[in-house]
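Q: Here it is, the structure in full.
No value in this document is a laboratory result; all are computed from the given coordinates. Values in this document were obtained by computation on a predicted structure and should not be read as measured data. Glycine gets a Cβ as well: all are built from the backbone with ideal geometry, and neighbour counts include every protein chain shown.
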Amino acid sequence: MLILGLNMFHADASAAIIVDGEVKFAVAEERLNRHKHFGGFPALAIKACLEAVGARISDVEHVAVGQDSDANLAKKVQYALANPAKILNFIRMRQRKEAMRDVRSLIAKALEVDLSQLKFQEHHLEHHIAHIASAYYCSPWEKAAGFSYDGSGDFVSTMMARCEGSEIEVLDRVFLPHSLGSVYTMICEFIGYSQYGDEGKVMGLAPYGTATFVKEIRKIVAPKNSGFQLNLSYFKPLGSNQGMQVLADGTVRLARHFSDRMEKLFGEPRRLHSDITQRDMDLAYALQHRFEEIFFHLLNQLHKRVPCDDLAIAGGCALNSVANGKLFDTTPFRRTYIQPAAGDEGLAIGAALHTYHSVLKQPRRHELKQSYLGPEFSDERIQSSLQSAGLQYRKLDRASLLDAVATQIAAGNVVGWFQGRMEWGPRALGNRSIVAHPGLPNMKDVLNARIKHREWFRPFAPSILADYQHEYFEHDHPSPFMLHVYKIRPEKRKDLCAVNHVDDTGRLQTVTREENPLYYELISAFHRKTGIPVILNTSFNENEPIVCTPEEAIDCFQRTRMDVLAIGSFMAVKPGREQEESLAASSARKDV
Ligand SMILES: [Fe+2]
């Protein structure tokens, strides 16, 4: 049975295809059309899904969309009537969503087929149920607490659920305008990070701050019963879209969230590209601190209603890996499952899996253990791309490639590592990664100066052989999708200085042979050469969506000052670095 899942006309549009309950292929449209966070119709992603499983759209029996404009309609109407200025906006959104609901026409047009070929049944699922479904149905559990939180979706910002067998029972919702995601976005905007998806940057800035504004920020959002509420005087009046707009070309844009009260209390908002002051860092600190306090309050409330060890989390705020890393010490939950695409692209698999299990009553048997659900490319295609680009390259067998790349990393060179199927979700997890030595003090600056050009305060992440997690980090819970931040043990901080954040933490990826054998062996080869079972892993891109195709990887390699490209079975070294390569190889051999 083929089910196509979609996230469309919403940030991070995506498509996923499941075959007899198993997610076979999933991709965000931004990776294919190269338009970051694209929020239009995922036409290319749908084509890629069908191609990957060798199916035609006429073979698809169900199409599920992770959005339902009729969900919570009474609440929306109630809010619009109480806020007359927003009624026009509300009507416009309804009209847009009505147009969006013509899924058949949109698919037929995208695939250039006649409507009569489309046999599928159509399903629309409320945004946050799709989020929770994306986590729970991919988890190994038969029973769990479900939690989803973000800016907003179908007029809800937070959902709590009891998940058991094939069912997800919604226990509670927090409706707009109360939204923890909006609090985060509002303060991010105030300190100059106003692009969609900037929240992760501010999470990295927070540890540079002090507790100066914690008391003030607590006034913005407070716990209320099993939920929370905002003090709306700090916000611009909220429309039913919470200030997020998707433009006609699919660009996602945020409107200003903060009110004049923020300026009266904290002074002028920071302008983009101006210096970051202690005030900005202190606001980031207080924001992260308060976010965590409310998050843990919500989880503790949820645990009272669903007393169990296991927690399935999703929604854009579930990408807050700092909060995820602390919840084991602050709530009774002992295990988490957070699907790699915890944000809105994940709605596609959530909607599809919900249709399979909850609507069609099919049993659960599939656990998503790895994130490699995207496109892959043959060595023939890669070789032809290398030739077209005029690159000098060598073909190596697996053992030689691993040894050569590990030697390069050990020698301090920066390697583009392009292998196998592209990752699903926002993190590069060893298939579309740039890898480097985690123990060289200047490596962060080298990466930023040569390739990434990121803000100085943003940390790079470590990939660690799972067997060594306990030796290096102060927490044992696995983090296969780089969604937990833990303290690095004091005695290991020197070895990991390039990935050790200012508060001595790392957003780690735990790697097992089962999840990614080639990447596991690369880290093992580096471990043999240096004694460190960790490599620095950052996404393979330069201010663009993560590379998807060999051509995009080669282009990124050529236009940046990356030293080496390891792509499929091939290795290319930048002209002028061949000598360094042989020197590096000989010095590394001496180390063994
Ligand atoms: Fe969402």
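Q: Relative to the longest principal axis of the C-alpha atoms of the chain, give the angle of the C-alpha long axis of helix 278-305, reported between 0 and 90° and rounded to the nearest 10°.
A: For 278-305 against the chain, the angle is about 70 degrees.
Q: In addition: Does anyone have the angle between helix 321-330 and the longest principal axis of the chain? Alpha-carbon axes, 0 to 90°, nearest 10?
A: Approximately 70 degrees, to the nearest 10.
Q: Just to be sure I understand: if I project the alpha-carbon convex hull of region 335-466 onto a plane and average over all orientations, what area do I get in nm²?
A: 12.0
Q: Residue by residue, what Karplus-based ³J(HN,Hα) values in Hz, rounded to whole numbers, does region 396-403 have, using 6.51, -1.76 and 1.60 with θ = phi - 60° and x for Gly and Pro?
A: Karplus-based 3J(HN,Hα) across region 396-403 equals 10, 6, 4, 5, 5, 4, 4, 5 Hz.
Q: Also: Taking Rh as the Kirkwood radius, which is the inverse of the mean 1/r over Cα pairs, what is the Rg/Rh value for the chain?
A: Radius of gyration over Kirkwood radius for the chain works out to 0.96.
Q: Using amide H atoms built 1.01 Å from N in the peptide plane, name the residues 5+ places from residue 484, or on other chains, whose amide H lies under 5 Å from its own.
A: Answer set, sorted by chain and number: 508.
Q: Can you classify region 254-334 as rounded, prolate or oblate using the Cα gyration tensor, where a ≥ b ≥ c are the square roots of its eigenvalues, rounded means a/c under 1.5, and otherwise it's prolate if a/b beats b/c and oblate if not?
A: Verdict is prolate for region 254-334.
Q: What residues qualify as long-range amide H neighbours of residue 440, i.e. H under 5 Å apart, gap of 5 or more or another chain, H built at 1.01 Å from N?
A: The list, which skips near neighbours in sequence, is 498.
Q: Can you tell me which aspartates and glutamates have their Cα less than 18 Å from the Cα of residue 494? Leave out same-chain residues fewer than eight positions away.
A: 445, 471, 474, 503, 504
Q: Check cross-link reach from residue 24 to the lysines: straight Cα distance under 18 Å, and skip same-chain residues fewer than eight apart.
A: 47, 369
Q: Count neighbours as other Cβ atoms within 10 Å of each site's Cβ, and list the trypsin sites (Lys or Arg not before Pro) in region 332-362 that are DSSP loop with at most 16 such neighbours.
A: 334, 361
Q: While we're on this one: Given 75/361; 76/236; 264/487; 36/201, which pairs have Cα atoms separated by over 25 Å?
A: From the list (75/361; 76/236; 264/487; 36/201), the Cα-Cα distance tops 25 Å for 75/361; 264/487.
Q: Separate question: Amide H neighbours of residue 229 under 5 Å, at least 5 residues apart or on other chains, H built in the peptide plane: list them.
A: Hits under the 5 Å cutoff: 222, 224.
Q: Helix 180-190 sits at what angle to the longest principal axis of the chain, using alpha carbons and giving 0 to 90 degrees rounded to 10?
A: Approximately 70 degrees, to the nearest ten.
Q: Just the number, please: percent antiparallel of the DSSP beta bridges in the chain, rounded to the nearest 5.
A: Percent antiparallel among DSSP bridges in the chain is about 70.
Q: Taking the alpha-carbon distance from residue 395 and a cut-off under 18 Å, which lysines remain once sequence neighbours fewer than 8 residues away in the same chain are dropped?
A: Straight-line reach from residue 395, under 18 Å: 574.
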